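Each remark here refers to the structure printed beneath this line.
The values are calculated or read from the model by the stated rules, or taken from the named source; none is laboratory data. Computed from a prediction, not measured in an experiment: that's the story for all the values here. When we count neighbours, we look across all protein chains shown, and the Cβ atoms used for this are built from the backbone with ideal geometry, even at glycine. Ligands, DNA and RNA are excluded from the accessible area calculation, which covers all protein heavy atoms including side chains. Shrake-Rupley method; radii C 1.70, N 1.55, O 1.52, S 1.80 Å.
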Amino acid sequence: MHKDLLRLARAERGVRLHLACCLAAAVAAGLLVLVQAELLAGVLSGRFAVAALFPLALVVASRGLLGWAQGMLAGRAATALKSALRRLLLGRVEGLGPSYRSGELVTLAGRGLDALDPYLTGYLPSVAVAGIVPLAVVVRLFAADLATAVIVVLTLPLIPVFGALVGWTTKAVTERQWRALARLGGHFLDVVRGLPTLRAFGRARYQASVIRRVAEAHRTATMRTLRVAFLSSLVLELVSSLSLALVAVPVGLRLLSGSLDLHTALLVLLLAPEAYLPLRAMGTRFHAAMEGVAAADEAFAVIKPSQGGREKRPRAVRPAPAAESGPPRIRLEDVVVRYPGREEAALDRVSLVVEPGERVAIVGPSGAGKSTLLHLLLGFTTPAEGRVLADDADLADLDLDEWRRRLAFVPQRPHLFAASVADNIALGSAAGPDEIRAAAEAARVAEFAGTLPRGYDTVLGERGANLSAGQRQRIALARAFCRPAAEVLLLDEPTARLDGRSEAAIVAATRRLAEGRTAIIVAHRPAMIELADRVVRLDGGVLVPPVPARSGEAR
Ligand code: ADP
Ligand code: MG
């Protein structure tokens, strides 16, 4: 069984119990085949009286009952395990930061984990049966007829051998299928989100063709998986049919010559197929189960803390330095940040010290790594090399929730929720109505809040759809103003979408807000830059040494 899944199944009580009962039911039903064959052979050969038909019917009925119980228990175990996995996945989403591809995550948590059903309800029980029933059948055959038993023992291993040979290629093929599906999901979500933009730029049609191409890749991969699956069942079918012929022909001949009695012959003929059946069933279910295994691998890769680069929290989590001590000194030491799939580093050996209470403006062309620097301080990304220190404590060792409580962050593209304006500003903080109002005042939300149908109680559309970009930006700023306890301000181009008048007001408010706090502000506009004590220039992920004299835009 999948190692991580097994560990999870053991840890969850509901899963453990249901799974154990399900496997027991499957094995019991498999073993009842022995009794059934015994009785049937006895009745047919006339050794048992016709009255033996009654226990025979009982055995058949209990096999049906066990099959039903197995299906139900497996379904319950699968549901419990999937919801445990989804819970873990969603718990991790918070810590992933904004750089993770959300579309792929949605595919994984939804459709992807559902692929575990065939694994848990079909494959696992068949593995349990295949492990026990053939063995029991062979033991019985040895007791009944040595020659047959020897043939079965010699041919039985052929099925797993051929199955493994086919399965060798299957793994790669299913993984490709799963990757194609994840890409399709990710791309689709991306396109749907950006549809207005795409239409405005006349790229909607082109995107349709891209989706068609990705879908085609998925179709091809699926067909390839199916082909392999069909091929493998054909091979297994052929092997077991030939093996059965090897058993049946000598039995028939010996029956004719009289060296074998009818009862034994019947018993052998009824039992021999039951030795091959579980292995064949396991082989056919293997392919359907592989997609679930690929999805489980993917899920555990997300759930386990970043295996790439550095471990996120290798040592015991230390509490963030005492909040009483005022704003922390932030230090970056030779920090390198690499995004997966990117050759060049987004930040390359950046060293920077920001003193407590200092206001630093970060400037540079787009793509320079400015947002990455802020994400680093937020713990959304982790450095591949170097360290980020807050008052001499490595961010990697800190409790990130506690650390983020000391920060106020306004992202470059703030996300608004489908909730009221007031709730969007408070964002779960304990701020009362007065504090919310004051923050709205400072961030110039009050100006337009009055014109909304229900003022601060107006419920916004998804992603703040019914507001302008500037209005959304101001609500995001109000969030920062609503966190008076925050000691570090991280603002990512807070005035990028504002007109001159609102900008001047925001700059003034930011100046007030930054008092007694450390502020790191990614800025483009001169008004915001002038507010800073120091300007740091980034270009291509590298810190550009300060130019002593003001030389305009020259780098
Ligand atoms: P800035 O904010 O200065 O415009 P960013 O910090 O957003 O720049 O990006 C720096 C570089 O890292 C850019 O080349 C950008 O394309 C790349 N980058 C940013 N985020 C990601 C991501 N999630 N995955 C891959 N590359 C990224
Ligand atoms: Mg940016």
**Message:** Would you confirm whether or not the range 467-474 contains a residue that is within 16 Å of ligand 1 (Cβ to nearest atom), in the same structural domain as ALA419 (by TED's automatic domain parsing) and of a type in the set (S, T, N, Q)?
**Reply:** yes
**Request:** Please state which one of ALA217, ALA248, ALA229 is surrounded by 16 or more Cβ atoms within 10 Å (Cβ to Cβ), of a type outside the set (Val, Ile, Thr) and under 21 Å from GLU298 (Cα atoms).
**Result:** ALA217
**Message:** With within 13 Å of ligand 2 (Cβ to nearest atom) and either assigned by TED's automatic domain parsing to the domain that holds ASP533 or modelled with pLDDT under 90 (or both) as the only criterion, which of LEU400, LEU395, LEU376, LEU389 stands out?
**Reply:** LEU376
**Complete:** Note on LEU377: of the conditions (1) hydrophobic (A, V, I, L, M, F, W, C); (2) open to solvent by less than 20 Å² (accessible area, probe 1.4 Å); (3) in contact with a helix residue (DSSP H, G or I) (Cβ under 7 Å, 6 or more places away or on another chain), unmet is (3)
**Prompt:** Among ARG199, ARG183, ARG219, which is the only one that is in the same structural domain as LEU113 (by TED's automatic domain parsing), more than 20 Å from ARG111 (Cβ to Cβ) and among the basic types (Lys, Arg)?
**Reply:** ARG199
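Per-residue answers, yes or no, for (1) touching a residue at least 40 places away in the same chain (Cβ under 8 Å); (2) in contact with a strand residue (DSSP E or B) (Cβ under 7 Å, 6 or more places away or on another chain); (3) of a type in the set (A, V, I, L, M):
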| position | (1), (2), (3) |
| --- | --- |
| GLY461 | yes, no, no |
| LEU467 | yes, no, yes |
| ALA478 | yes, no, yes |
| PRO484 | yes, no, no |
| LEU490 | yes, yes, yes |
| GLY500 | no, no, no |
**Message:** Of everything in the range 405-419, what is more than 16 Å from ligand 1 (Cβ to nearest atom), modelled with pLDDT of 85 or more and open to solvent by 10 Å² or more (accessible area, probe 1.4 Å)? Give them in sequence order.
**Reply:** ARG406
**Message:** Of the conditions (1) buried (at least 17 other Cβ atoms within 10 Å of the Cβ); (2) more than 25 Å from the chain's Cα centre (by Cα), SER259 satisfies every one except a single condition; which number is it?
**Reply:** (1)
**Asked** Do we have any residue at all in the range 432-447 that's free of Cβ contacts under 8 Å to residues at least 12 places away in the same chain and not in a helix (DSSP H, G or I)?
**Response** yes
**Fill in**
Of ALA519, ALA532, ALA504, the only residue that is in a strand (DSSP E or B) and modelled with pLDDT of 80 or more is ALA519
**Request:** Go through ARG537, ARG555 for me and flag whichever is within 30 Å of GLU344 (Cβ to Cβ), modelled with pLDDT under 85 and basic (Lys, Arg).
**Result:** ARG555
**Prompt:** If we only count helices (runs of 4 or more DSSP H) wholly inside the range 43-158, which ones have 2 or more residues that are at pLDDT 90 or above and open to solvent by less than 60 Å² (accessible area, probe 1.4 Å)?
**Reply:** 53-96, 124-144, 146-155
**Message:** For the range 322-371, which positions are among the charged types (D, E, K, R), open to solvent by 60 Å² or more (accessible area, probe 1.4 Å), in a loop (DSSP other than H, G, I, E, B) and away from ligand 2 (no atom under 16 Å from the Cβ)?
**Reply:** ARG329, ARG338, GLU343, GLU344, GLU355
**Item:** From the options VAL268, VAL191, residue that is at pLDDT 85 or above and surrounded by 13 or more Cβ atoms within 10 Å (Cβ to Cβ)
**Value:** VAL268
